[in-house]
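Data first, discussion second: the structure below is written as structure tokens.
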Amino acid sequence: MIVKAQYCGNHVAGLYVGSNNARRYFSKRNRQVELELGHLRILCGLNPPFWQNKPAIEDPRLCVWLETKHPQQAPSQTEIPLALVPSGKNSFRLAEIARKANAQLKKQRVSSERVTSEPGPDWN
């Protein structure tokens, strides 16, 4: 699944999972999730807002790790896409997205926005 490291100023605010990914890949019975960050493994809590209106993993250790691995390149950059790969029961591995794949992802997003914003056929 594609997730995003979200920045607030120069600091990472969390790892945005998204509502669809939260419902599909996470169990409401689990109050925490194990993340593999390179050679590190940490348990991160899933707070009630994760299930309601803010599907993001917010853990200080995760934020520090993300800041060291992905320093903010530009002030306008507020999100960095990453892959969160299931690696066991309630366990995920955080991985880089290849630059080429990331560029293709952006291109697909732009082309789908063009398709949805173009006017439909005139049925009158």
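For the pair A83 and M1, label points projected 7 Å from Cα toward Cβ lie 1.6 nm apart.
If R0 equals 35 Å, the separation of the Cβ atoms of N10 and N90 corresponds to a calculated FRET efficiency of about 0.65.
Approximating the spin labels as points 7 Å out from Cα along Cα→Cβ, the K28-to-Q52 distance works out to 1.3 nm.
No lab work stands behind these numbers, since they all come straight from the coordinates. For clarity, every value in this text was computed on a predicted model and none was experimentally measured. Don't worry about glycine lacking a Cβ; one is built from the backbone with ideal geometry, like all the others, and counts go over all protein chains shown.
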